[in-house]
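See below for the structure under consideration.
The values are calculated or read from the model by the stated rules, or taken from the named source; none is laboratory data. These numbers were taken from a predicted model, which means no experiment stands behind them. Virtual Cβ from ideal backbone geometry, glycine too; neighbours counted across all protein chains shown.
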Amino acid sequence: MRGLYHRDAYDLGRKVPSFWEHSAGPAPDGCRPIDGDVDCEIAIIGGGYTGLSAALHLAQDSGVEAVVLEAGEIGWGASGRNGGFCCLGSHKLGNEEQIKRFGLEATRAYFNAQVEAIDLVRDLGRREAIDFDATGSGETVLAHHPSRLAELREEQEFLFETFGVESTLHTKNALAESGMSSPAVHGGLHVPVGFGLHPGKYVRGLARAAIKAGARVATRSEVTGWSKEGGRHVLTTPGGRVRAKKVLIATNGYTSDSLTKAVSGRTLPAFSKAIATRPMSDAELAAQGWTTTEMVFDTRTLLHWFRLLPDKRMVFGARGDFNADRAGEAARKADLVADFHAIFPAWKDIDIPFFWSGLVCLAFDRAPHLGAFDPGSGVFYSLAYHGNGVAMASWSGRAMARLMTEGEKAAGIPAIMRKPLPRFPFPALRLLYLRAAYGYYGLRDALS
């Protein structure tokens, strides 16, 4: 696998060193590499939330037995590396910007899809008996600087006036009383939508459900070539070729420019890194004053996100790296641990046995994209969830299953997500754009 970063970021032979991988349980039965030539109606490149949800719904709703091609093992990519935030999001557009660009009704339709996506994940857990350790009831965004409280008040008003969502604005003292005490917190807004989950258990559960429904899930089957023969797409893997009438690209942050010219230069992968502590005692939690299991993130653009897990360990993450070289892991972990200690100083002596990183996917226009590259081409895509794909990728997989079998009306994809996936100007400079943006945002976050 090739990408914009150091080759270590794409090492399919390396087991993901995350807490999720450590605790997800056995790999799903029935996942084997492609062995020989295979014919199918629909091939799906990428065995994460999007691809597995698409395969599951194709089988259950339309009787289509799709073939999922996953380069690594199930959960190797972002679906097994994220923070487990099943929440609103999947874009980097401000509230007013959404309305200005797309209109009020389109903005509401997109928001409704985000809520529906969360409900879908919850329903999949119940329906498919996926025990993904659900926790919390909503998410809280914390003001990392006093100046950001006004921003949270505006968000509270916007959520109610535009979507009818009643959120709660908390003072620093009120947060402490509810189990969110930190010297780095100046207030917060609780939005009662969403929940936390174990991403590794969820993605493996989706794979089991898709296989049970009739899909074929092929692991260690990286697509290394793509051609057309007799009106069919021919995808070459190390073990054989897959011939399909339609192809869904569901690779998100691990989308290679070399996969196909259609996708080249249209996505920008960005690193997210995370740590997980050992389980803590009640006394250790009380020493910091942090006992909530709610999903939490702060108001930085290069945000921190964190949540207390059911076994009382904290998982904590952030954006901002550019280097995936394994030799630099200790330094990158030290940087993240320093941020963790600044927010939770009482835990400075708590062991942190897990550190990992992964790639999220950004689009040039900062919105997610679902559709087809050209009418009649048979090449579809669902990409760019901007670091919030647990819910939206699951919903998008279902939407793409409907789009490929029943058409646009049945898919119900909001206008904001139907826009063609744009190519970055001068795509060879994408990492330079990102470095410049991170430099600016880092300075702004530090000042206010």
(request) Test K261 against the stated conditions and say whether it is among the charged types (D, E, K, R), in contact (Cβ under 8 Å) with a residue 24 or more places away in the chain and either assigned to a strand (DSSP E or B) or surrounded by fewer than 21 Cβ atoms within 10 Å (Cβ to Cβ) (or both). (result) no
(request) Answer with yes or no whether V16 is under 24 Å from K201 (Cβ atoms), part of a strand (DSSP E or B) and modelled with pLDDT of 95 or more. (result) no
(request) Mind listing just one residue for me: the one in segment 216-250 that is in a loop (DSSP other than H, G, I, E, B) and in contact with a strand residue (DSSP E or B) (Cβ under 6 Å, 6 or more places away or on another chain) and, of those, surrounded by the most Cβ atoms within 10 Å (Cβ to Cβ)? (result) A250
(request) Pull up segment 396-410, narrow it to residues that are of a type in the set (A, V, I, L, M) and surrounded by 21 or more Cβ atoms within 10 Å (Cβ to Cβ), then point me to the one that is farthest from V121 (Cα to Cα). (result) M404
(message) As an exercise: evaluate R32 against (1) more than 30 Å from I118 (Cβ to Cβ); (2) in a strand (DSSP E or B) and give the number of the one condition it does not meet.
(response) (2)
(message) If I filter segment 282-307 down to residues being under 20 Å from the mean Cα position of the chain (by Cα) and in a strand (DSSP E or B), which single residue comes out as farthest from H190 (Cα to Cα)?
(response) H304
(request) Please state which one of E65, E96 is surrounded by fewer than 22 Cβ atoms within 10 Å (Cβ to Cβ) and under 30 Å from L159 (Cβ atoms). (result) E96
(request) Taking only segment 56-110 into account, find how many residues are in a helix (DSSP H, G or I), over 18 Å from the mean Cα position of the chain (by Cα) and not acidic (D, E). (result) 17
(message) Please count how many residues of segment 392-410 are modelled with pLDDT of 95 or more and within 22 Å of F102 (Cα to Cα).
(response) 7
(message) Within segment 409-427, take every residue that is in a helix (DSSP H, G or I) and within 24 Å of the chain's Cα centre (by Cα) and give me the one that is farthest from S382 (Cα to Cα).
(response) P427
(request) Would you kindly identify the strands (runs of 3 or more DSSP E) lying entirely within segment 308-387 that contain at least 3 residues that are within 30 Å of A55 (Cα to Cα) and modelled with pLDDT of 95 or more? (result) 354-362, 369-372, 379-383
(request) Note down all Cβ pairs under 7 Å where the first residue falls in segment 369-395 and is in contact (Cβ under 8 Å) with a residue 40 or more places away in the chain and over 30 Å from G125 (Cβ atoms), the second is aromatic (F, W, Y) and not in a loop (DSSP other than H, G, I, E, B), and they're at least six residues apart or on different chains. (result) F373/Y381
(request) Please verify whether segment 322-336 includes one or more residues that are polar (S, T, N, Q), touching a residue at least 60 places away in the same chain (Cβ under 8 Å) and farther than 21 Å from G84 by Cα. (result) yes
(request) Evaluate the following for R278: is it basic (K, R), part of a strand (DSSP E or B) and closer than 18 Å to H22 by Cα? (result) no
(message) Exactly one condition in (1) touching a helix residue (DSSP H, G or I) at 6+ places or on another chain (Cβ under 7 Å); (2) modelled with pLDDT of 95 or more; (3) not β-branched (V, I, T) is false for Q98; which is it?
(response) (2)
(request) Taking F364 as the residue in question, decide whether it is more than 23 Å from L197 (Cβ to Cβ), touching a Leu at 6+ places or on another chain (Cβ under 6 Å), surrounded by fewer than 22 Cβ atoms within 10 Å (Cβ to Cβ) and of a type outside the set (K, R). (result) no
(message) Just to check your reading of the model, which residue among R307, R313, R300, R319 is in contact with a His (Cβ under 7 Å, 6 or more places away or on another chain) and surrounded by 15 or more Cβ atoms within 10 Å (Cβ to Cβ)?
(response) R300
